[in-house]
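Laboratory data are not the source of any read-out in this text; all were calculated from the coordinates shown. Quantities reported herein were computed from a predicted structural model and do not represent experimental measurements. Cβ sites come from the backbone with ideal geometry, for glycine too, and all protein chains shown count toward neighbours.
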Amino acid sequence: MSYYAHETAVIDAGASVGTGAKVWHFCHLMPGCEIGENCSLGQNVFVAAEVVLGRNCKVQNNVSLYSGVSCGDDVFIGPSAVFTNVINPRSAVNRKSEYLPTRLDDGVTIGANAVIVCGTHLAHHAFVGAGSVVTKDVPAYALVVGNPARQIGWMSAAGGRLSFDEAGKAVCPETSENYLLSDGQVRSAK
């Protein structure tokens with residue numbers, strides 16, 4: 001086995017787990033899910049069929065990833081974050097054919113206890129504050145907080161808060177990397 005799985009983890013036949021991944025206590029991986037190389041799944045993580053995690057994703061304790069969720073590389077999902085897959089669930093109504101995709105691009109961070117409503121796209125390096133409820137798409141490098149989540153600023157790829165000058169330039173306080181803000185979009189100035 002090229003990955004670590006705690007003895008209490010349940011990894012169903014047909015689940016794909018990448019080299020170097022760690023699957024901790026009481027996790028359950030369903031058939032057809034894909035866990036990338038060097039991912040870490042904390043205690044009590046559930047991963048449904050068709051969920052995809054890229055390389056080096058960190059999913060903290062008590063997170064359930066339902067069908068329709070896909071994550072790029074280097075995604076961080078904080079403890080007890082919640083993902084949905086149907087907009088209007090009813091116990092008596094089968095809506096499996098109505099699952100909406102939720103896409104997290106490379107480098108996205110989701111804070112503890114945040115809720116990500118299905119059908120949303122979080123662009124690369126978006127940052128969702130703890131306890132926030134995301135109901136719409138989040139731009140690259142945006143910092144969103146609250147219920148419903150609203151953008152309050154920008155974050156660098158390293159997680160430093162960006163302050164843009166009048167010319168639309170900012171420097172990451174963590175790495176000194178330069179960023180540009182133009183037409184409401186941020187990009188690295190590499």
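Details
- Note on the chain: with a GNM built from Cα contacts shorter than 10 Å, the maximum mean-square fluctuation among LEU180, LEU65, LEU143 falls on LEU180.
- Computed from phi, the 3J(HN,Hα) profile of region 91-101 under the Karplus parametrisation 6.51, -1.76, 1.60 (θ = phi - 60°) reads 4, 7, 10, 7, 10, 4, 7, 10, 4, 9, x Hz, with x in place of Gly and Pro.
- Hz values of 3J(HN,Hα) by residue in region 14-31 - Karplus curve (6.51, -1.76, 1.60), Gly and Pro given as x: x, 7, 10, 10, x, 4, x, 5, 10, 10, 8, 3, 6, 6, 9, 10, 7, x
- 3J(HN,Hα) along region 34-41: 10, 10, x, 4, 6, 6, 10, 10 Hz, from the Karplus curve 6.51 cos²θ - 1.76 cosθ + 1.60 with θ = phi - 60°, whole Hz, x for Gly and Pro.
- Remark: the Cα gyration tensor places region 5-56 in the oblate category, a/c being 1.5 or greater and a/b not exceeding b/c.
- Cα gyration tensor category, rounded, prolate or oblate, for region 87-190 with a/c compared to 1.5: prolate
- Cα centroid of region 70-104 to Cα centroid of region 17-50, whole Å: 16 Å
- Taking the convex hull of Cα positions in the chain, its mean projected area over all directions (nm²): 11.6 nm²
- Placed amide H near SER64: partners under 5 Å, 5+ positions off or other chain: PHE46, PHE83
- Assigned charges on the beta-carbon of Lys, Arg, Asp, Glu; region 84-169 dipole about Cα centre (debye): 360 debye
- Two-site FRET efficiency, VAL93 against LEU180, from Cβ-Cβ distance with R₀ of 35 Å, rounded to 0.05: 0.15
- Placing +1 on each Lys and Arg Cβ and -1 on each Asp and Glu Cβ, with no other charges, gives the chain a dipole about its Cα centre of roughly 400 debye.
- Listed by chain and number, the aspartates and glutamates placed with their C-alpha closer than 14 angstrom to that of LYS190 are GLU177; residues fewer than eight positions away on the same chain are left out.
- Between amide H atoms placed 1.01 Å from N, distances below 5 Å from ILE11 occur with LEU29, all of them 5 or more places distant or on a separate chain.
- Amide proton proximity set for ALA149, modelled H, under 5 Å, gap of 5+: VAL133, VAL134, THR135
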